[in-house]
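Contents: one structure, followed by commentary.
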Amino acid sequence: MSSNNNYIEQKKNTHLYFQIGDSKYAINSDNVLEIMKLPALDYPQKLPNNIVGLLKYNNFVINIIDVRFYLNIEVTPYSTRNELLIVKTDEVIFGIITDKVIGIAPFNTSLIDAIPYVDNKMIIDSIYKLNQETIFIINIYNIENILKEHGQYTEHEITGLFPTDLTSRMTMLERTRAVENKTALKFATEEFRAQNKYISFNLNQDLYCIELDYVKEVLKDTSITPVPGTPDYIEGIMNLRGDYITVLNLKKFLNITPSDQPQDKKPVIIIKCNELKLALLIDKINELFECQENNMVETDGYFQNEFIYNGVPYTTLNIDKITSDKKIIITDM
């Protein structure tokens, strides 16, 4: 029972953190529906409550915000590199523009410091120290309250924030069409639920994914120490805040031919299943997304199923099968 309680507590405190300007922010991963590259938005001349645009998302028209307007921080222009978080509360869905998503990690509750005298108009309610960096935790329910108010209309020069060159505009319009055409994401009647969420990644040019429930942390680069005498699919071990974790080279483990392209960084997805914590070495971390189950074709072995999402084929790894395989355990260290 204690182990189950620890799992529930850790899952509750798992946060997705991202960068906007010079600062880093986080929200609980349970509230994240999707991460996407910034699409083209509708931005009328006047929008209330510092809304910077509107986006049609799964038959809803949702508000898109930039938290810098609420924090009185200078808002710099956007580009095609910006990323958009689609988040949800119990009642509303909206988008948050970010510079880039950094990763997902469980936050130790003892290191979260609440900000005193927070009212329902303040969107930052606590701070967290991660690797000596300060991360501001956003209260999206306070944002919800602000968005639901009939606030004063403010006139920002919104059009000047978005790129105007033809290439960027066409790129962002294509992204908007892809969002509008997507029909895979469904919500339960009268309820918003974040089920069937996945982290996607590349092995060579092929796309794979892992159910988010197994994911403990995502690191875009890490230091790996080789362990002599281990099989070639064991890349080595890594030290994660004093916890030594076996790093599994997924391509070698799955007998996928390595690419000839040199790889400077070593991104890993840290998973936990069957009481085993394991780091999966991959080629590239892509996005967090949600997909309903009835599109999926069951497979076997180390692969759980295959499905089409947004017109692209994905293969889901069978994490239970991989973590229960005795050949991945390093016993002599």
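The values are calculated or read from the model by the stated rules, or taken from the named source; none is laboratory data. None of these values were measured; they are calculated from a predicted model. All Cβ positions, even for glycine, are placed from backbone atoms using ideal geometry, and neighbour counts span all protein chains on display.
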Hey, Val87 of a type in the set (A, V, I, L, M, F, W, C), modelled with pLDDT of 90 or more and in contact with a Phe, Trp or Tyr (Cβ under 7 Å, 6 or more places away or on another chain) or not: yes
Close pairs from region 197-220: first crowded, with 20+ Cβ neighbours inside 10 Å, partner of a type in the set (Ser, Thr, Tyr), Cβ under 6 Å, at least 6 apart: Phe201/Tyr208; Tyr208/Thr315; Cys209/Tyr198; Cys209/Ser200; Cys209/Tyr314; Cys209/Thr316
Verdict on Ala194 being farther than 18 Å from Lys37 by Cβ, among the aliphatic types (A, V, I, L, M), surrounded by 10 or more Cβ atoms within 10 Å (Cβ to Cβ) and modelled with pLDDT under 75: yes
Pro228 within 13 Å of Lys284 (Cβ to Cβ), modelled with pLDDT of 85 or more and in the same structural domain as Asn202 (by TED's automatic domain parsing): no
Qualifying positions in region 270-293 - closer than 21 Å to Leu248 by Cβ, outside any strand (DSSP E or B) and in contact with a strand residue (DSSP E or B) (Cβ under 8 Å, 6 or more places away or on another chain): Ile282, Asp283
Region 312-321, residues that are of a type outside the set (Val, Ile, Thr) and under 15 Å from Asp206 (Cβ atoms): Pro313, Tyr314, Leu317
Selected residue (only one of Phe303, Phe289 is aromatic (Phe, Trp, Tyr), modelled with pLDDT of 80 or more and within 24 Å of Pro267 (Cα to Cα)): Phe303
Strands (runs of 3 or more DSSP E) enclosed by region 37-146 - at least 2 residues per element that are out of contact with any helix residue (DSSP H, G or I) (no Cβ under 8 Å at 6 or more places or on another chain): 60-65, 83-88, 93-98, 100-106, 112-114, 124-130, 133-138
Out of Ile86, Ile93, Ile73, sole residue that is closer than 16 Å to Ala26 by Cα and surrounded by 14 or more Cβ atoms within 10 Å (Cβ to Cβ): Ile86
